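Rule-based calculations on the coordinates, nothing more; no lab input. If you're wondering where the values come from, they're calculated on a predicted model, not measured in any experiment. Note that we place each Cβ from the backbone using ideal geometry, even for glycine, and neighbour counts take in every protein chain shown.
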There are 2 protein chains.
Amino acid sequence: MITIGKLAGLTSVSNDTLRYYEAEGLVSPAGKSPAGYRLYDRDSARRIHFIKHAQQCGFTLAEIRDLLDVRGRDKACCGDVRTRAIEKKLQIESKIRAMKAMSKALDQLISECANEKRPVKECTIIAALERANGSKRMQ
Amino acid sequence: MITIGKLAGLTSVSNDTLRYYEAEGLVSPAGKSPAGYRLYDRDSARRIHFIKHAQQCGFTLAEIRDLLDVRGRDKACCGDVRTRAIEKKLQIESKIRAMKAMSKALDQLISECANEKRPVKECTIIAALERANGSKRMQ
DNA sequence: ATTGACCCTGGAGTATACTCCTGGGTTCAA
DNA sequence: TTGAACCCAGGAGTATACTCCAGGGTCAAT
């Protein structure tokens, strides 16, 4: 059983973040000392690592709470987890598409700008952004 | 000169958003009626369209305020705008790379999961996320 | 006994881009 | 003249994931 500071050091998150995770129902200490200090066990550390890695995979804390819940359920099967992973991957790919569209729109704007010295009044980038009905490249 | 509601209708943003933009220094009405109603001109509509399109290109409101500022400066040249567009494109591409890494990590997790019916205790996805030191695919 | 490092609760603050609400004044048509 | 539709200011609320603070208690070593 370790105190909050030790767990924080072990997992590279702050004490505040651990308390925040507890408030959010993600990780609870295994017990409390007589003085009211939080005491964590090994599973707590596993849960923190789980949270951090899931975040790196793009899951929000709410989704991670759900995953942790599945992880703790006896009747749950691998497919329950897999479904969530696939769903998240689709979300991420959709965001990537949106960002690629932005990147492409910017490319167009940048390449259309022939003369950097031109006064801003004649700037093609500004003009393109002002146009009432966005051209095809901006949706 | 049109009232806020008309401009809102013209540009497909809400009255509240227009007032918010004003508070943020993005668009100010050209004047006010005796009763204190905001009165907008044609340039206001152009500015709103500008804001919306720049948002679609991934610029934040703070960056857009800066772009609008450049747009209004006589001494500014096209290069000032172009530089910002290039910078934004780099930011977006960096985000795309991060999201592709997430997508790839999820792919690995999903493909490693051989048996969907397996109980969650043996779930390879859960296990991978718990591992203390993330594997190569998760950085 | 005291010092410093640690822990506690509860609440506020951060960033972004709005949205909604309260309580009131204005404009216009019937 | 009255009612609907519009406008105003000021402030609070939304989501996300923390971070920081005040004011206090606890623990180990000296």
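At a glance:
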| item | result |
| --- | --- |
| Among B:25, B:92, B:11 the positive-end extreme of the charge dipole of chain B (Cβ point charges) | B:92 |
| Proximal charge balance of residue B:70 [Cβ under 9 Å; K/R count +1, D/E count -1] | 0 |
| Rounded, prolate or oblate (a/c below 1.5 giving rounded, otherwise prolate when a/b exceeds b/c) for region A:1-45 by Cα gyration tensor | rounded |
| Cβ neighbours within 10 Å from other chains - mean over B:107-116 | 4 |
| Proximal lysines relative to residue B:32, as straight alpha-carbon distance under 25 Å, when same-chain residues fewer than 8 apart are discounted | B:6, B:52 |
| At 1.306 mPa s and 10 °C, Stokes diffusion of chain B via Kirkwood alpha-carbon radius, µm² per second | 83 |
| Helix runs (DSSP H) in chain B reaching 30 Å along axis by Cα, Kyte-Doolittle at least -0.5 | B:78-112 |
| For region A:4-76, alpha-carbon Rg relative to the globular expectation (2.2 N^0.38 Å, N residues) | 1.10 |
| Partner aspartates and glutamates for residue B:121 [C-alpha distance under 16 Å; skip if fewer than 8 residues away on the same chain] | A:43, A:66, A:69, A:74, A:80, B:112, B:130 |
| Inverse of mean 1/r across different Cα pairs in the protein assembly as shown, Kirkwood, Å | 22.6 |
